[in-house]
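Below is one structure, written out as structure tokens; the observations come after it.
What follows is calculated from the coordinates using simple rules that are stated; it is not laboratory data. Just so you know, these numbers come straight off a predicted model, no measurement behind them. Heads up, the Cβs are rebuilt from the backbone with ideal geometry, glycines too, and the neighbour counts pull from every protein chain shown.
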Amino acid sequence: MTQRWRTFHTSLACLTVAGLGLVACGDGGDGAQDQPTTSVASPTSEDPSQESPSFAEADAGELPFAVEEMGNYDSPWALEFLPNTEQLLITTITGDLILRETNGDRQITVDGVPEPVVQGQGGLGDIVLGPNFEQDRTVYLSWVEDGDGGTGAVIGRATLEQTENSASLGNLEVIWEQQPKTSGNGHFSHRMAFSPDGEHLYVSSGDRQKMEPAQDVDSGLGKILRLTPDGDPAPGNPFADRGGVSQEIYSYGHRNPLGLAFAPDGTLWSSEMGPQGGDELNVIRAGENYGWPEASNGSHYGGDEIPDHSSDDEFTGPVAWWTPSVSPAGLMIYDGDTFPQFQGDAFMGALSGQALVHVQIDDDPAVAGEIWDMGSRIRDVAQAPDGSIWVVEDGDDAKLLRLTPPEN
């Protein structure tokens, strides 16, 4: 098939918005119906049942960025920059993988992408570069497929092949399947992150809206998994002696973790969408149980209560949490030089919150931060090689935005 670069125009706009973002008490799922409120729940690492004013009292003010519109995409899901280039990969839920230039307007649709099941929250999901990408051009993608018992996420590994005017995926092979496949079209999660040493691939596997499997260490649902780059269970995982899918499990008691990111110190963080409230930012540690559905700072839809996290229960509580929901999506931890004031801080997209959330995770406890109203659902956030921050909106005709320091 002949491929052609497409061109579009960009515009520069500096936005002035309130520091306290628009948040919502809506559906914790991707299709949340926004119900605006300016109330934000409070985070703590010592006792999540006690409130802290840090988010609720965030100072109102201008967004500390200049915002440049870089294009529009239908149902984008993930952003991944190519190292030492001015190129960016963008996935869309509907099954496109787009390679675009960041210093201009040219972009191309990559050939050879698997055809996902596009239903509910299912479709093409995450993309990450392999640990030796600059040598072997290996990329990893997640998507949803049909199978025995229903649908489930899978991860494939492929080689990104490029010429001046074309790009394709070669040697695509599926290396992991979410187990078990089941009915329904939600909570696949399927985010990925490589450890800083490149030895392990971490994968978020949502509870598929079944809840109970999250507490079952013989199920792969409601978990964060640790694999080798070949998709096998990583040696030394905490439940390896149980055999089967248990060998993959790194942590459990998760609902719908839609963000995974490593901090510069090697700590793994996850943003997790709660039920009606109780969205979480967690530090992920081997063998720990994060409580879902036995503990949450939110409640079930319909109003049924869930016991809050507390310092004396058996579960690991969140470092930060939000009630009403902001609906966390993609997560990035900044380590660039363009915004020195944000080095080591977390940035999280918010769907129903229509915001970019900033958390100073190097604090103890990590309670300081802002919620910046972006006026639209934010699906993913990524750091470019030049240190700028890029975010992409959710849904049809979603904007890709480049954030840089404001002009004085």
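Residue by residue, what Karplus-based ³J(HN,Hα) values in Hz, rounded to whole numbers, does the range 69-74 have, using 6.51, -1.76 and 1.60 with θ = phi - 60° and x for Gly and Pro?
Running phi through 6.51 cos²θ - 1.76 cosθ + 1.60 with θ = phi - 60° gives 7, 9, x, 10, 9, 8 Hz.
Among the GluC sites (Glu not before Pro) within the range 139-168, which fall in a DSSP loop and have no more than 12 other Cβ atoms within 10 Å of their own Cβ?
GLU164
Could you state the orientation-averaged shadow area of the convex hull built on the Cα atoms of the range 12-404, in nm² to one decimal?
That works out to 17.4 nm².
Name the GluC sites (Glu not before Pro) in the range 67-136 that are in a loop by DSSP and that have at most 16 other C-beta atoms within 10 Å, would you?
Of the GluC sites (Glu not before Pro), the ones in loops of the range 67-136 whose Cβ has at most 16 other Cβ atoms within 10 Å are GLU86.
Whole-Hz Karplus ³J(HN,Hα) for the range 249-260, in order, using 6.51 cos²θ - 1.76 cosθ + 1.60 and θ = phi - 60°, x for Gly and Pro?
Each residue's phi maps through the Karplus curve to give 6, 9, 9, 9, x, 10, 9, 8, x, 9, x, 9 Hz.
Which order do ASP146, ASP96 fall in if you start with the one that has the fewest other Cβ atoms within 10 Å?
Ascending Cβ contact count within 10 Å gives the list ASP146, ASP96.
How do VAL357, VAL283 rank when sorted from fewest to most other Cβ atoms within 10 Å of their own Cβ?
Numbers: VAL357 29, VAL283 18.
Going from least to most buried by this count: VAL283, VAL357.
May I ask you to list the trypsin sites (Lys or Arg not before Pro) in the range 149-210 that are in a DSSP loop and have at most 11 other Cβ atoms within 10 Å of their Cβ?
Here no trypsin sites (Lys or Arg not before Pro) fit, given the DSSP loop and packing criteria.
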